Structure formats: structure tokens, C-alpha cells
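The values are calculated or read from the model by the stated rules, or taken from the named source; none is laboratory data. Note that this is a predicted model, so its numbers are computed, not measured. Because the Cβ atoms are built from the backbone with ideal geometry, glycine has one as well, and the counts that use them run over all protein chains shown.
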Amino acid sequence: MTAADFKRIALSLEGAEEGSHMGAVDFRVGGRIFATLASVREGFGNLIITPEMQADFIAEAPDLFLPIAGGWGRMGMTHVRLAEASEDVLAGALRAAWKLRAGKNGPRKKPAAKKRPRVR
């Protein structure tokens, strides 16, 4: 898989939007980031999942998934090796990250702008 495949799959998820965080491409649902391409130069896509999910992913496919270094990785942020991932595995991983964010208190919507009364 490639960064373009990662992007295509991420944006195919319901309500997913592309954004940018600290200069890197990210993917959001309800305003919450569920994946990024912050490490694409190193060949990784990044998933924002729980530490428990991360442990399961790594146990199932240690050749594909690894924690992001440092505190981010301890919080569940996970690299996926794009070149080694199949479409099914990548789609499942992105769907899991998306579902986690989409399910937190329901999708957040941007607040509507409040209309101010017109003064005449």
C-alpha cells in the first residue's frame, strides 16, 4: 500500500475529512483525528487507537504494526508499515481507528454560527 491508498481508504469512511495538524496530513471524523500521514517519509501511516487495541494489532501482525516512539506510542498511537500492508488489513485498521473516534460521544459537529440580531 502507499500513502495514496491510505488516504483513499481513510476518506472512504463515512464522515471522514482530510485536514492538517502540525504540517502533516490527518484524517478526522466529527472533528477528531483518527489517522495521519505524519510519518509517511519513513514509510508509515499512523493510527490513533487505544493502548489495548495497539497491543492486539501488534500481537496479530508484528511485521505491520509498531508503537510510535515515546509517550505517543504509550498512549496507543501506532505506525502501520504501508509497503507491507494489504488493502484488507489497512482498511480494517483504519476502520477501527475511525470507529473509535466516531463513537466517542457521537460525531462532533462544528457549531453553527450564531446569528446576531440586526440593528437598524
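On the given criteria, is Glu14 part of a loop (DSSP other than H, G, I, E, B), under 14 Å from Ala96 (Cα atoms) and over 11 Å from the mean Cα position of the chain (by Cα)?
When the stated conditions are applied, Glu14 passes them.
Among the listed residues Arg95, Arg101, Arg74, identify the single one that is modelled with pLDDT of 95 or more, on the phi < 0 side of the Ramachandran plot and out of contact with any Pro (no Cβ under 9 Å at 6 or more places or on another chain). Write out each step before concluding.
On the way: Arg101 fails: out of contact with any Pro (no Cβ under 9 Å at 6 or more places or on another chain); Arg74 fails: out of contact with any Pro (no Cβ under 9 Å at 6 or more places or on another chain).
Selected residue: Arg95, the only one of Arg95, Arg101, Arg74 that is modelled with pLDDT of 95 or more, on the phi < 0 side of the Ramachandran plot and out of contact with any Pro (no Cβ under 9 Å at 6 or more places or on another chain).
For the stretch 18-29, what are the residues that are small (Gly, Ala, Ser) and assigned to a strand (DSSP E or B)?
The answer is Gly19, Ser20, Ala24.
Quick grid of which residues meet (1) among the aliphatic types (A, V, I, L, M); (2) exposed (fewer than 11 other Cβ atoms within 10 Å of the Cβ); (3) under 21 Å from Met1 (Cα atoms); (4) modelled with pLDDT of 95 or more:
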position	(1), (2), (3), (4)
Arg28	no, no, yes, yes
Ala55	yes, no, no, yes
Leu66	yes, no, yes, yes
Arg81	no, no, yes, yes
Lys110	no, yes, no, no
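Looking only at the stretch 30-76, which residues are closer than 13 Å to Ala96 by Cα, assigned to a strand (DSSP E or B), of a type outside the set (Val, Ile, Thr) and in contact with a helix residue (DSSP H, G or I) (Cβ under 7 Å, 6 or more places away or on another chain)?
Matches in the stretch 30-76: Phe34, Ala35, Leu47.
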